[in-house]
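Take a look at the structure below.
The values are calculated or read from the model by the stated rules, or taken from the named source; none is laboratory data. In this text the structure is predicted, and so the values were computed from the model without any measurement. Neighbour counts are summed over all protein chains in view; Cβ atoms, including those assigned to glycine, are modelled from backbone coordinates with ideal geometry.
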Amino acid sequence: MSIEKFSLEKVLSVHRWTSTLFSFTMTRPAHFKFTAGQFARIGLKAGDDLVVRAYSIVSSPFDETLEFFSIVVPDGAFTSNLQHLQAGDELYLEKIPYGFLTLARYQLPLPQDLWLLGTGTGLAPFLSMLQDFETWHKYQQINLVYSVRTAAELAYAERIEEIAAVFGEGHQGFRFIPVITRDPHAPLHERLPALIGNGALEQAAGLALNPASSHVMLCGNPQMVEDTKEALKARGLTMNRRGEGNIAVENYW
Ligand SMILES: Cc1cc2nc3c(=O)[nH]c(=O)nc-3n(C[C@H](O)[C@H](O)[C@H](O)COP(=O)(O)OP(=O)(O)OC[C@H]3O[C@@H](n4cnc5c(N)ncnc54)[C@H](O)[C@@H]3O)c2cc1C
């Protein structure tokens, strides 16, 4: 990997949500322009090698800094080191962003309702989209569905309400729908494909999934993405290709 493709950025803050989830911010170089939903490639030196991983950008495209939301994978080549990150440390950032999990990919059906379905750190690109005024202008209803295992993993819950208040001021159609899969007492605790199959997700949103008007984005765990895709297809929704179709996805591994 050519080191010239990267700039060296300073870590500004680190916030630890749980022992395996944390967020960090770093400096954003002037050349680094991105669209909400895209990901960055971040590098850490391990001896002479540069270990690089993809990270969805949490921040608004208008922010002066970059924010990321990370898992800690025990023995993971990248995160076993990244977990010790502290303000003042340096990280490599590839100079260009990547990715097509952006609202620009949709032409048809015309936008009416947006469903953002993420597991764990798969929430990240949706936080960026919600910090873009255009998202709020385009859609009459926005459902953010965030599936985690335990309530402690529900990172960003307060920030989500703040973001909705600031970026979606006056917008009446935002629903934040948490799903807590290991808490049988949580209002929604089944896996996303089951919640689509039995209608509970639409009930929580107060809206039906509709092939003629719904844009649905899935991000995170590949098994969730695959199974949810199938559940949506069973409801008549189609994969988005060349601008047409309802479903867009991003797998994290
Ligand atoms: C487009 C894209 C965007 C991504 N954005 C993010 C992000 O915003 N935040 C983030 O934490 N990760 C994200 N990832 C995953 C990230 O690139 C790394 O896989 C992760 O940092 C772990 O790296 P590692 O070397 O420690 O473990 P790896 O060797 O990369 O992964 C080992 C195993 O850990 C598990 N795993 C990996 N990533 C996750 C995860 N995020 N949540 C739960 N289990 C996981 C999988 O079982 C995987 O096989 C993204 C991946 C892609 C392809």
Practice problem: Answer yes or no as to whether Leu50 is crowded, with 17+ Cβ neighbours inside 10 Å and either more than 7 Å from the ligand (Cβ to nearest atom) or without any contact (Cβ under 8 Å) to a residue 12 or more places away in the chain (or both). | Solution: no
Quiz item: So Leu21 clears everything in (1) in contact (Cβ under 8 Å) with a residue 12 or more places away in the chain; (2) more than 12 Å from the ligand (Cβ to nearest atom) except one condition, right? Which one?
Solution: (2)
Quiz item: Between a first residue in segment 190-208 that is over 18 Å from Phe176 (Cβ atoms) and in the same structural domain as Asp227 (by TED's automatic domain parsing) and a second residue that is part of a helix (DSSP H, G or I) and modelled with pLDDT of 95 or more, which pairs have beta carbons less than 6 Å apart while being 6 or more apart in sequence or on different chains?
Solution: Pro193/Asp227; Pro193/Thr228; Pro193/Ala231; Gly197/Ala231; Ala208/Glu202
Exercise. Test Ser147 against the stated conditions and say whether it is among the small types (Gly, Ala, Ser), modelled with pLDDT of 95 or more and under 14 Å from Leu218 (Cα atoms).
Key: yes
Practice problem: Report, by residue number, each residue of segment 75-94 that is under 26 Å from Leu154 (Cβ atoms), touching a residue at least 40 places away in the same chain (Cβ under 8 Å) and surrounded by fewer than 17 Cβ atoms within 10 Å (Cβ to Cβ). | Solution: Gln86, Ala87
Exercise. Have a look at Ile57, Ile71 and point out the one that is out of contact with any strand residue (DSSP E or B) (no Cβ under 6 Å at 6 or more places or on another chain), of a type in the set (A, V, I, L, M, F, W, C) and either surrounded by 18 or more Cβ atoms within 10 Å (Cβ to Cβ) or in contact (Cβ under 8 Å) with a residue 40 or more places away in the chain (or both).
Key: Ile71
Quiz item: Counting only residues that are outside any loop (DSSP other than H, G, I, E, B) and among the small types (Gly, Ala, Ser), which one in segment 203-253 is surrounded by the most Cβ atoms within 10 Å (Cβ to Cβ)?
Solution: Gly220
Exercise. Name, by its number, the condition in (1) surrounded by fewer than 17 Cβ atoms within 10 Å (Cβ to Cβ); (2) in a helix (DSSP H, G or I) that does not hold for Phe100.
Key: (2)
Practice problem: For segment 190-199, state whether one or more residues are surrounded by fewer than 18 Cβ atoms within 10 Å (Cβ to Cβ) and at positive phi. | Solution: yes
Quiz item: Just for segment 103-120: of the residues that are more than 14 Å from the chain's Cα centre (by Cα) and outside any strand (DSSP E or B), which one is nearest to the ligand (Cβ to nearest atom)?
Solution: Arg105
Quiz item: For Ala30, which of the numbered conditions (1) surrounded by fewer than 17 Cβ atoms within 10 Å (Cβ to Cβ); (2) within 16 Å of the ligand (Cβ to nearest atom); (3) not hydroxyl-bearing (Ser, Thr, Tyr) fails to hold?
Solution: (2)
Quiz item: Picking from Leu12, Leu8, Leu21, which residue would you name as being under 21 Å from Leu144 (Cβ atoms) and modelled with pLDDT of 95 or more?
Solution: Leu21
